[in-house]
Structure formats: C-alpha cells, structure tokens
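K.L.:
Supplied in structure tokens, the structure appears directly below.
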Protein chains: 2
Amino acid sequence: MSMSKVCKFGGSSLADANQYRKIKAIIESDPNRNIVVVSAAGKRFSDDHKITDLLYLCHAHLTYGVPCSDILNTVRDRYCQIRDELGLQCDIEGEFAKLEARLNKNFSVDELVSRGEYFSGLLMAEYLGFAFLDAAKCVFFTMDGQVDLERTYAAIRGASALGRGLVIPGFYGSLPNGKVKVMSRGGSDISGALAAAAVGASVYENWTDVSGILMADPRIVKNPNAIPRVTYQELRELAFMGASVLHEESIQPVKDANIPLNIRNTNAPQDPGTMILSHFEENAEESDRFITGIAGRRDFSVITIHKRNIAAHVDVLRRALKIFDTYKVSIEQISMGLDSFSLICASASFAEFQFDILSDLNRDCKMDGDVDITEGLSLIASVGRKMSSRPGTSAKLFTALGDNHINIRTIFQSSDEISILVGVENKDFEEAIRVLYQEFVG
Amino acid sequence: MSMSKVCKFGGSSLADANQYRKIKAIIESDPNRNIVVVSAAGKRFSDDHKITDLLYLCHAHLTYGVPCSDILNTVRDRYCQIRDELGLQCDIEGEFAKLEARLNKNFSVDELVSRGEYFSGLLMAEYLGFAFLDAAKCVFFTMDGQVDLERTYAAIRGASALGRGLVIPGFYGSLPNGKVKVMSRGGSDISGALAAAAVGASVYENWTDVSGILMADPRIVKNPNAIPRVTYQELRELAFMGASVLHEESIQPVKDANIPLNIRNTNAPQDPGTMILSHFEENAEESDRFITGIAGRRDFSVITIHKRNIAAHVDVLRRALKIFDTYKVSIEQISMGLDSFSLICASASFAEFQFDILSDLNRDCKMDGDVDITEGLSLIASVGRKMSSRPGTSAKLFTALGDNHINIRTIFQSSDEISILVGVENKDFEEAIRVLYQEFVG
C-alpha cells in the first residue's frame with residue numbers, strides 16, 4: 001500500500017473559484033494527497049445549473065438541429081470566470097472553439113457531456129501545479145462497456161510513477177476504438193475509486209458538501225450526526241432502506257482492495273467525516289454506540305394468505321412466491337403465523353399487478369379464506385454491526401417506540417443480524433424515526 | 001342454548017372412591033350439571049397403572065395367545081373396590097365374567113380398551129342416580145371413521161329429553177355395523193364436546209387435575225398462574241409451541257357451536273379454571289394483562305443461504321422451500337436479509353435429511369457461498385390476543401430479556417399478530433421463560 005491519498009471532489013466542491021481555493025488548501029495541507037479526481041462544476045446556488053445538465057441539453061439541441069451556442073457559451077463562461085478569478089492561463093476559449101467546430105447532429109453525447117469534467121480537470125491541474133491526466137488516456141472500457149481494470153490500473157500507476165501530483169477528470173474514459181464513454185452510474189465516484197485501487201492508496205477521500213453519511217434523513221431529524229465509521233454491509237442495509245449514500249457499484253474497486261473510504265466535507269475540512277471499511281476493530285470511544293444509522297421507506301403492502309397449518313403446507317407459500325416472481329414484485333419480508341403467512345412488498349410495485357396476482361393466487365393456491373391486503377405500512381431499519389452482541393438493543397428500540405405510543409405492526413431481525421426492521425403505520429413513520437434517533441443518539 | 005352444563009371428568013378424577021365423592025359434590029352443587037362424561041380410572045399415585053393401559057396389555061396377551069386373566073382381574077378389582085367403598089350394587093363381577101367368556105385371539109381391541117370408560121360410566125351413573133347412556137348407543141361413526149354428527153347429536157338430544165341426568169362413557173362409540181370404535185385422538189374430551197354441542201350446553205366443563213391451563217410450563221416456572229380466559233387461536237399458538245393443552249380436534253364441536261369451554265380442577269372446585277372461547281369482550285379486570293401465556297420449544301436449526309440481493313432472486317428461496325418440502329422438513333419461520341435468508345426448522349427433522357438437503361441445495365440453487373447451519377436455537381412464544389393493540393408489549397419483553405443478559409438471536413411477530421417469537425440459545429431457554437413470566441405476570 002502506498003502513502004497516496006486519492007481525493008475525489010464532487011460538483012459542489014468545484015462550483016466556483018472560492019471552492020477551488022478550499023480544494024487547494026485541503027490538498028496542500030497534506031503532501032500525501034497527490035491524486036485528485038474532479039467532477040464537472042455543480043450548482044453555486046439552488047437555482048443554478050449543473051454543467052453536466054447543460055451539456056446534455058446542448059446535445060438535445062444538436063439532435064433536433066437547433067443551435068446550442070448560447071448554452072455552450074454559458075458553460076464556457078462558467079469556466080472562464082473561475083480561471084480569471086484564480087488568475088490562471090488555460091485557453092478555455094480556444095478549447096471551446098475547437099469543440100464547437102466539431103459539433104454536429106451525430107456528435108457523441110458521451111464526449112460532449114464529459115467536457116464538464118475535462119475542463120474542471122484542466123483548470124484544477126494548472127491551479128494545483130499538478131499534471132493533467134485525461135481520463136480518455138487512463139480509464140479504459142472493454143467493448144461491452146465494463147471497465148478494463150488491468151489496462152486502467154496500469155495507466156494510472158504509470159502516470160503516478162512520474163512523481164508529480166495528478167489531476168484526473170472523473171465520469172468518463174475511453175473505449176478500445178478511442179471514443180469517449182461516460183459511466184452509467186456513480187459518475188466520478190467510480191473514477192476516484194479506480195485511481196485509489198490503481199495506486200493502492202492509503203485512503204480514498206470522497207469530498208462532498210456534507211460532513212459524512214448522516215445517521216438519519218435530515219428532512220426528518222434536525223441536524224443528525226454524521227456516522228463516524230460504517231461497514232460496507234451496514235451501508236448496504238441503509239442504502240436499501242432509502243438512505244442516500246454512494247452507489248454500491250461505484251465503490252467496488254476500493255472495497256475489493258480493502259482501501260478505507262472517507263466521506264469528507266470540502267466546506268468543513270476539519271470534520272473527520274465518515275470512514276467506510278469492510279471491518280473495524282472495536283473502538284473504545286464508540287463502544288457505547290448501539291446503532292450506526294436509521295433509514296426507512298414508506299408505502300409497503302402486507303398481503304396475508306390464510307392456510308391452516310402452513311408449516312405443513314409450504315407448497316402454498318412456494319406457489320405464492322412464484323406468482324409474485326412472475327410479475328417481478330419483490331418480496332421484502334415474509335412473516336409466518338400458524339395458519340397464515342404474510343408477504344411484504346412495496347405498494348407501488350404490488351398495486352400494478354394486484355388483480356392479476358389475486359386471480360393467480362385464487363387459481364394456484366388452495367387457500368383457506370380470502371387474501372387480506374393491508375396498505376400503508378412503513379419499514380424502518382435500525383442498522384448496527386454490533387447489534388447482535390448487544391442484548392439491550394432491541395429492548396431500547398421497542399421501549400422507545402412503546403413509550404411514544406407508536407404501534408409496531410411487524411418486527412424482523414435480519415438474518416445477517418445487523419439490522420432490526422420494524423413496521424409501523426405510515427402516519428407514524430417520521431415520528432418513529434425521530435424517536436429512534438433520540439433514543440440511540442440523543 | 002339450553003341451561004345444561006356438560007361435565008367431562010378425566011382419568012385422575014375417577015381414580016378411586018374418594019375422587020368419585022368429589023365428583024358427586026361438584027355435580028350436586030349445580031343442578032344444571034346434568035350430563036356427565038367419564039374417562040376410565042386413571043392413576044391413583046405415580047407408579048399406579050391407568051386402566052386403559054392395562055386393557056391394551058390384555059389385548060397384546062390375547063394376540064400372542066398368552067392368558068390375561070391376572071391383568072383383567074386387576075382391572076376388575078379396581079372397579080369393585082370403588083363400588084364397595086361407595087356402597088353401590090353394580091354387578092361388576094358378572095359383567096367381567098361375560099366379557100372374559102367372549103375373549104379370544106380376534107377380540108376387537110377397540111371394544112376391549114373401551115371397557116375402562118364403560119365401567120366408570122356404570123358406577124358413576126348409579127352413584128349419581130343418573131341414567132347410564134352407553135356411548136355405543138349415542139356416539140356414531142361413519143364407515144370411514146368420522147363422527148356422524150347428525151346421528152350422534154340426535155341420539156344424545158333424545159336421551160337428554162327424558163329429563164334425567166345422564167352419564168356417558170367417553171372415548172368410544174360405534175360403527176354402522178354396531179362394532180365399538182375408539183377415538184383416535186383426544187379420547188374422552190371429544191365425547192364431552194360432542195355431548196355439549198348436541199344439547200347446546202351453556203358451558204362444557206372439562207374437569208382435570210390442574211386449575212386450568214397454566215401460563216407457563218410448571219417444570220420451568222414455579223407454581224405458574226392459570227390462564228383465566230383464552231381464545232382458541234391463542235390456545236393453538238401455545239399448543240404449537242409445546243404447551244400441553246387439549247387436542248385441537250377434540251374441542252372442534254364446542255368451538256363450532258361457540259360453547260364456552262371451562263377447564264376445571266376436580267381437586268380444587270373453588271378455582272374458576274380457564275375459560276376458552278373464540279372471542280372475549282374486553283374485561284376491565286384483565287385490561288392490564290399483557291399476555292396470555294408463554295410456551296417454547298428447544299432444538300431448532302437455522303439454515304442460512306446466501307444470495308446477493310435476495311429480494312430480486314426469490315426463485316432461490318422457492319427452490320430451497322421445495323427441497324425442504326420434498327424431505328417433509330417443516331419450516332417454522334423464514335427470516336430475510338438483503339443478501340441471505342434463513343430457514344428455521346426443528347433440528348431433529350432437519351438432521352435426518354441434512355446431507356440430502358445440502359446436496360440438493362447445491363444442485364438446484366445458485367447460491368453465493370456456503371450454507372451456514374446453526375444449531376441449538378430455542379423458540380419462545382409470548383402469546384396474547386391483546387398484544388397487537390399494546391405498543392408496550394414488545395418493549396417489556398425485550399427489556400426483560402436484555403436486562404437479564406439473554407441474547408436474542410431472532411425475532412418474529414406472527415402475521416396473525418397474537419404472538420411474538422424470540423429465538424434464544426438453548427442454554428438460555430429456561431431462564432428466558434422465567435424472565436418473561438416474571439416480567440409479565442410477576
């Protein structure tokens with residue numbers, strides 16, 4: 001493992017010259033921060049446009065044969081403004097003129113939208129005094145669209161071996177025929193993860209505009225704490241239950257290489273952010289922390305099918321699962337009673353095929369009595385890797401909900417033992433999350 | 001509904017003359033107790049023999065051509081002793097002589113073992129001054145062994161219309177060809193239930209040697225309270241989880257007729273016992289009672305199958321269920337995680353086919369990684385019809401277990417919402433039941 005720290009900065013961190021200054025301070029405060037991956041410029045204020053959105057719009061204009069110079073000029077001017085404010089030399093106008101000359105109806109959408117990262121990279125490299133490494137020359141795809149890890153890692157390693165700091169634009173790479181291709185999901189996050197894995201970085205720092213992954217949705221809980229340390233498995237549970245975190249795919253390279261991933265805040269670099277790893281040694285200072293985070297989703301339906309002595313008639317359950325599978329309705333949980341079982345699935349996905357499913361159930365399953373459907377269930381996951389070894393966790397959880405008169409409709413402890421799922425009525429959803437947060441975090 | 005109370009007495013209530021006196025006092029204390037159903041004489045002390053067991057032994061002697069006079073005399077002497085102590089006239093010796101004369105290798109086992117109830121009935125009828133109604137003349141089976149409810153109800157109604165109290169031997173009836181047939185399960189309990197349903201009794205009193213159904217296993221909890229009121233559904237949950245209660249089949253006639261079933265103690269007739277009904281109106285005095293009873297079973301295995309994003313691959317779960325079904329291994333519960341699911345089944349039943357099941361799983365399910373098997377799980381059900389409307393129940397339950405350092409391995413709230421199932425390690429089984437009893441009952 002090298003000493004390198006790979007730092008990826010998101011769009012809001014590159015929105016204007018002032019943000020560039022913050023990045024420079026961050027990079028210069030630690031000489032190991034020698035590989036920087038950048039996004040396109042993001043919004044400077046809430047009504048502002050993201051550069052990438054504008055470039056997609058340009059492409060739509062081209063497709064319909066409508067001139068797009070105005071929009072392209074807006075993009076160019078954003079970058080020129082940053083350059084001028086920072087006193088840089090980069091010939092943005094010349095680059096844009098060359099680009100505009102090549103534009104036509106068949107211009108590659110991938111190449112066009114990748115220019116946001118490209119120009120961010122050019123400016124940042126000059127500003128930091130680092131070498132600019134075009135992603136088209138170091139991130140390679142195979143013809144079926146998968147990242148060619150071997151070639152990519154070799155190219156990035158080769159460039160970093162020259163000993164100078166590197167700036168690499170995120171979000172794109174090139175196909176074997178040399179054409180630019182953008183990433184389908186995760187954008188620049190995956191570029192940063194590839195760079196970190198390539199050089200065997202000591203840490204992959206993912207700089208954004210919040211001080212880490214939050215323990216609960218800030219729209220529900222006021223000023224929730226950031227999670228200090230989280231495993232990939234916990235992150236997956238939280239993401240599945242609705243928490244907005246990194247795309248799993250995008251962090252696979254660092255996960256595979258067991259490189260710590262640190263979510264940091266460009267606007268508050270003193271905050272330690274969230275550290276993500278596959279496994280943590282127990283840490284004394286966190287030992288009284290019961291849970292890692294809380295996440296939840298609304299609008300599930302509970303479909304209850306009655307069959308006397310169901311344990312002896314599992315074929316009915318099997319047939320029911322087959323029917324749900326046929327209509328591609330995912331089953332989140334299964335709850336068994338003596339004479340019934342319940343399938344829990346997202347209401348929207350069930351509602352689409354409700355009548356087909358009920359008709360198939362009546363045809364294929366020898367049920368006792370009618371199918372019961374209850375809507376309006378919310379599922380809330382309390383996630384924590386230390387939960388299974390803490391006898392008190394479920395007690396605290398249920399006491400808190402009970403004391404606040406929130407009725408628990410269903411309970412599941414996941415088979416991987418890192419989360420407890422409670423089902424409450426939709427009307428209690430936000431209150432339940434607030435109560436759990438208060439109980440576990442305070 | 002008539003005013004009749006149908007009273008069924010179990011074997012221990014008919015073990016000796018003193019027990020007969022208790023029965024007489026019970027019957028005479030309430031003139032509505034006018035139909036009595038009796039079992040064969042049970043044990044008087046722990047090493048004593050049940051009359052029915054002795055009669056089965058007689059039949060085995062006949063089958064192998066070994067004389068059985070000694071055993072038959074033991075049976076006869078038990079009944080003669082009761083008769084003599086109570087000063088009754090019944091010609092027990094003459095009846096036994098006639099029976100013995102008919103015995104041979106092909107004598108019907110059903111008729112022979114039914115004589116225990118027959119003689120109990122003869123003696124009890126004389127002692128109470130009631131009419132003796134031979135079950136062969138009022139409980140009828142169809143040729144396929146099912147009770148012929150229409151004929152049975154008509155015969156019992158006809159006899160009771162004569163206005164005298166009735167004593168009916170339990171446990172047997174007759175086939176359309178007149179031959180005696182005994183009941184396969186539930187014994188005299190079903191005879192009593194049939195009589196109660198026939199006359200539309202106001203209550204079916206089932207007299208035994210405990211003051212009702214106990215809230216927990218008395219081998220684990222010292223002197224547990226009796227359950228005052230329980231629904232059939234709760235009873236089913238408790239029975240399924242190991243509580244020793246009435247056979248469900250045996251109480252179907254009174255359940256169908258919505259006749260209250262009252263479990264009483266012949267040795268403590270002042271105790272109200274347990275009242276069983278399909279549904280109870282809320283009762284102020286019980287309103288702070290959270291649960292109805294606690295029951296549990298040891299030795300379950302948890303079979304965990306890994307499959308990434310299982311919600312989108314329910315076919316793996318379906319295939320696994322099919323394999324378990326093939327080997328007739330009942331699934332008690334299913335627990336789903338994001339990347340795995342667990343099937344919980346009785347260890348004994350799983351162990352028998354473990355290698356076949358694992359081999360089939362490897363063949364049919366595209367699993368990620370190996371199957372995990374954890375043994376030594378106990379399941380404990382806390383059952384209560386009011387549980388779902390009490391937000392505090394699960395909190396109390398988990399707090400009690402947590403405070404006593406009992407680690408909860410799995411949690412299930414049944415889909416019928418009348419029980420919460422917790423999985424603990426076998427070593428914590430008894431302690432967990434005691435803790436829950438202490439918490440909920442005190």
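The values are calculated or read from the model by the stated rules, or taken from the named source; none is laboratory data. If you're wondering where the values come from, they're calculated on a predicted model, not measured in any experiment. Cβ placement follows ideal geometry from the backbone for every residue including glycine, while neighbour counts extend to all protein chains displayed. Note: accessible area is taken over every heavy atom of the protein model, side chains too, but ligands, DNA and RNA are not part of it. Shrake-Rupley method; radii C 1.70, N 1.55, O 1.52, S 1.80 Å.
K.L.:
Counting only residues that are among the β-branched types (Val, Ile, Thr), touching a residue at least 24 places away in the same chain (Cβ under 8 Å) and either at the interface with chain B (Cβ under 7 Å from one of its Cβ atoms) or not in a helix (DSSP H, G or I) (or both), how many does the stretch A:302-348 have?
P.N.:
The total comes to 6.
K.L.:
Let me ask another. Could you tell me whether A:PHE132 is surrounded by 15 or more Cβ atoms within 10 Å (Cβ to Cβ) and in contact (Cβ under 8 Å) with a residue 60 or more places away in the chain?
P.N.:
The answer is no for A:PHE132.
K.L.:
Which residue out of B:ASP70, B:ASP30 is of a type outside the set (S, T, N, Q), without any contact (Cβ under 8 Å) to a residue 60 or more places away in the chain and more than 30 Å from B:ALA196 (Cβ to Cβ)?
P.N.:
None of the other options fit; the residue is B:ASP70.
K.L.:
If you don't mind, there's one more thing I want to ask. Here are some residues: A:ASP48, A:ASP70. Which one is of a type outside the set (Ser, Thr, Tyr), part of a helix (DSSP H, G or I) and more than 30 Å from A:ALA159 (Cβ to Cβ)?
P.N.:
The match here is A:ASP70.
K.L.:
Follow-up question, since we're still on this one. Looking at (1) assigned to a helix (DSSP H, G or I); (2) under 30 Å from A:HIS279 (Cα atoms); (3) open to solvent by 30 Å² or more (accessible area, probe 1.4 Å), which one does A:LEU436 not meet, given that it meets all the others?
P.N.:
(3)
K.L.:
Let me ask you something else. Is there a residue being part of a helix (DSSP H, G or I), more than 14 Å from every other protein chain (Cβ to nearest Cβ) and open to solvent by less than 10 Å² (accessible area, probe 1.4 Å) anywhere in the stretch A:234-253?
P.N.:
Yes, the stretch A:234-253 contains a residue that is part of a helix (DSSP H, G or I), more than 14 Å from every other protein chain (Cβ to nearest Cβ) and open to solvent by less than 10 Å² (accessible area, probe 1.4 Å).
K.L.:
Would you point out the residue of the stretch A:369-381, among those that are touching a helix residue (DSSP H, G or I) at 6+ places or on another chain (Cβ under 8 Å) and open to solvent by less than 10 Å² (accessible area, probe 1.4 Å), that is farthest from A:VAL230 (Cα to Cα)?
P.N.:
Among them, the one singled out is A:LEU377.
K.L.:
Let me confirm something: among B:SER342, B:SER359, B:SER278, B:SER330, which residue is crowded, with 21+ Cβ neighbours inside 10 Å and polar (S, T, N, Q)?
P.N.:
One residue alone meets the criteria, B:SER342.
Here is a yes/no grid of residues against (1) aliphatic (A, V, I, L, M); (2) at positive phi; (3) surrounded by fewer than 21 Cβ atoms within 10 Å (Cβ to Cβ):
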site: B:ILE23; (1), (2), (3): yes, no, no
site: B:ILE26; (1), (2), (3): yes, no, yes
site: B:ALA40; (1), (2), (3): yes, no, no
site: B:GLN81; (1), (2), (3): no, no, yes
site: B:GLU85; (1), (2), (3): no, no, yes
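K.L.:
If you go through the stretch B:224-256 one residue at a time, how many are within 14 Å of B:ILE433 (Cβ to Cβ) and either without any contact (Cβ under 8 Å) to a residue 60 or more places away in the chain or in contact with a Ser or Thr (Cβ under 6 Å, 6 or more places away or on another chain) (or both)?
P.N.:
The total comes to 2.
K.L.:
OK, next. Among the residues of the stretch A:354-395, write down those that are assigned to a helix (DSSP H, G or I), within 12 Å of chain B (Cβ to nearest Cβ) and of a type in the set (S, T, N, Q).
P.N.:
Those that are assigned to a helix (DSSP H, G or I), within 12 Å of chain B (Cβ to nearest Cβ) and of a type in the set (S, T, N, Q): A:SER388, A:SER389, A:THR393, A:SER394.
K.L.:
Moving on. For residues in the stretch A:42-57 being open to solvent by 20 Å² or more (accessible area, probe 1.4 Å) and acidic (Asp, Glu), which is farthest from A:MET124 (Cα to Cα)?
P.N.:
A:ASP47
K.L.:
Which residue pairs have Cβ atoms closer than 7 Å, lie 6 or more positions apart in sequence or on different chains, and pair a first residue in the stretch B:98-115 that is touching a residue at least 24 places away in the same chain (Cβ under 8 Å) and under 13 Å from B:LEU72 (Cα atoms) with a second residue that is part of a helix (DSSP H, G or I) and open to solvent by 50 Å² or more (accessible area, probe 1.4 Å)?
P.N.:
Listed pairs, sorted by first residue: B:VAL113/B:TYR56.
K.L.:
Filter the stretch A:382-393 for residues that are of a type in the set (S, T, N, Q), at pLDDT below 85 and open to solvent by less than 20 Å² (accessible area, probe 1.4 Å) and give the result.
P.N.:
If the condition is that a residue be of a type in the set (S, T, N, Q), at pLDDT below 85 and open to solvent by less than 20 Å² (accessible area, probe 1.4 Å), then A:THR393 is the only one that fits.
K.L.:
If you don't mind, another one. Out of all the residues in the stretch A:421-439, which are of a type in the set (S, T, N, Q) and free of Cβ contacts under 8 Å to residues at least 40 places away in the same chain?
P.N.:
A:GLN438
K.L.:
Out of B:PRO260, B:PRO218, which single residue is farther than 24 Å from B:VAL139 by Cα, surrounded by fewer than 23 Cβ atoms within 10 Å (Cβ to Cβ) and away from chain A (no Cβ under 14 Å)?
P.N.:
Just a single option satisfies the conditions, and that option is B:PRO218.
K.L.:
Right, something else. Looking at A:LYS366, A:LYS396, which one is surrounded by 16 or more Cβ atoms within 10 Å (Cβ to Cβ) and at pLDDT below 90?
P.N.:
One residue alone meets the criteria, A:LYS396.
K.L.:
Quick test of your reading of the structure: A:ASP144 fulfils all but one of (1) in a helix (DSSP H, G or I); (2) open to solvent by 10 Å² or more (accessible area, probe 1.4 Å). Name the failing condition by number.
P.N.:
Unmet condition: (1).
K.L.:
Take B:LEU401 and tell me if it is away from chain A (no Cβ under 11 Å) and either without any contact (Cβ under 8 Å) to a residue 24 or more places away in the chain or open to solvent by less than 60 Å² (accessible area, probe 1.4 Å) (or both).
P.N.:
No: the conditions fail for B:LEU401.
K.L.:
Can you name the condition, by its number, that A:ALA351 falls short on among (1) assigned to a helix (DSSP H, G or I); (2) in contact with a helix residue (DSSP H, G or I) (Cβ under 8 Å, 6 or more places away or on another chain); (3) surrounded by fewer than 18 Cβ atoms within 10 Å (Cβ to Cβ)?
P.N.:
Among (1) assigned to a helix (DSSP H, G or I); (2) in contact with a helix residue (DSSP H, G or I) (Cβ under 8 Å, 6 or more places away or on another chain); (3) surrounded by fewer than 18 Cβ atoms within 10 Å (Cβ to Cβ), A:ALA351 violates only (2).
K.L.:
Report the residue count in the stretch A:294-327 for those that are crowded, with 19+ Cβ neighbours inside 10 Å and within 30 Å of A:ILE227 (Cβ to Cβ).
P.N.:
4
K.L.:
Turning to a different aspect of this structure: Which condition breaks for A:ASN267 when tested against (1) away from chain B (no Cβ under 14 Å); (2) out of contact with any Asp or Glu (no Cβ under 8 Å at 6 or more places or on another chain); (3) assigned to a loop (DSSP other than H, G, I, E, B); (4) modelled with pLDDT of 85 or more?
P.N.:
Of the numbered conditions (1) away from chain B (no Cβ under 14 Å); (2) out of contact with any Asp or Glu (no Cβ under 8 Å at 6 or more places or on another chain); (3) assigned to a loop (DSSP other than H, G, I, E, B); (4) modelled with pLDDT of 85 or more, the odd one out for A:ASN267 is (2).
K.L.:
Turning to a different aspect of this structure: Out of the residues in the stretch A:189-207 that are farther than 18 Å from A:ASP30 by Cα and open to solvent by 10 Å² or more (accessible area, probe 1.4 Å), state the one that is modelled with the highest pLDDT.
P.N.:
A:ALA197
The rows are residues; the columns are (1) closer than 25 Å to A:VAL38 by Cα; (2) hydrophobic (A, V, I, L, M, F, W, C).
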| site | (1), (2) |
| --- | --- |
| A:ALA197 | yes, yes |
| A:SER211 | yes, no |
| A:PRO218 | no, no |
| A:PHE240 | no, yes |
| A:LYS255 | yes, no |
| A:ALA268 | yes, yes |
| A:THR274 | yes, no |
